[in-house]
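One structure below.
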């Protein structure tokens, strides 16, 4: 996991190529101008994480997301999204060699660790980071790429 523009896509690509993790269903390997190696994100997880953050009024750019570092809130979040969370875990966690990658996990990793502990999965975290200067340059570069609607 890592914040936007931290190199997590490159690392995920490498992990899959080295056969350290198995590709699960719904893996987005689509390449783009601003992510030439591909995204390597599970679409269902990305959409679900976006819905969870939106419900609690947290955007991808908020720096204060303490709501998701407080265990006392996790039961409520799980209750609010139980069907979708269980569906994701049951249909996308195919074996012990899964890799979940989504920049939103940077904010939600304690919550998802809680969920996987409930389901008796062992969780390992890999954090990708670049220097702040490199991330700002990358974000600015991406912001200047013309979008096709």
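Ordered by the number of other Cβ atoms lying within 10 Å of each residue's own Cβ, fewest first, 15, 33, 85 fall into the sequence 33, 15, 85. Between residue 56 and residue 91, the FRET efficiency estimated from the beta carbon spacing at R0 = 22 angstrom works out to 0.35.
If you build a Gaussian network model of the chain, linking Cα atoms that sit under 10 Å apart, which residue out of 100, 118, 45 swings the most? Evaluated over the chain, the most mobile residue of the options is 118.
How many angstrom separate the Cα center of the stretch 13-34 from the Cα center of the stretch 49-81? Taking the Cα centre of the stretch 49-81 as reference, the centre of the stretch 13-34 is 26 Å away. Given a cut-off of 21 Å, what percent of all Cα-Cα pairs of the chain lie beyond it? Distances greater than 21 Å cover 46 percent of the Cα pairs. With the simple model of a label 7 Å out from the Cα in the direction of the Cβ, residue 14 to residue 132 spans 2.5 nm.
Computed over the chain, relative contact order equals 39 percent, with contacts defined as Cα pairs under 8 Å that lie 6+ residues apart. A simple spin-label model places pseudo-atoms 7 Å from Cα toward Cβ; at residue 30 and residue 98 they are separated by 2.3 nm.
Where a number appears in this text, it was derived from the coordinates with a stated rule and is not lab data. Keep in mind the model is a prediction, meaning the values are calculated, not measured. Cβ atoms come from the backbone with ideal geometry, glycine included; neighbour counts cover every protein chain shown.
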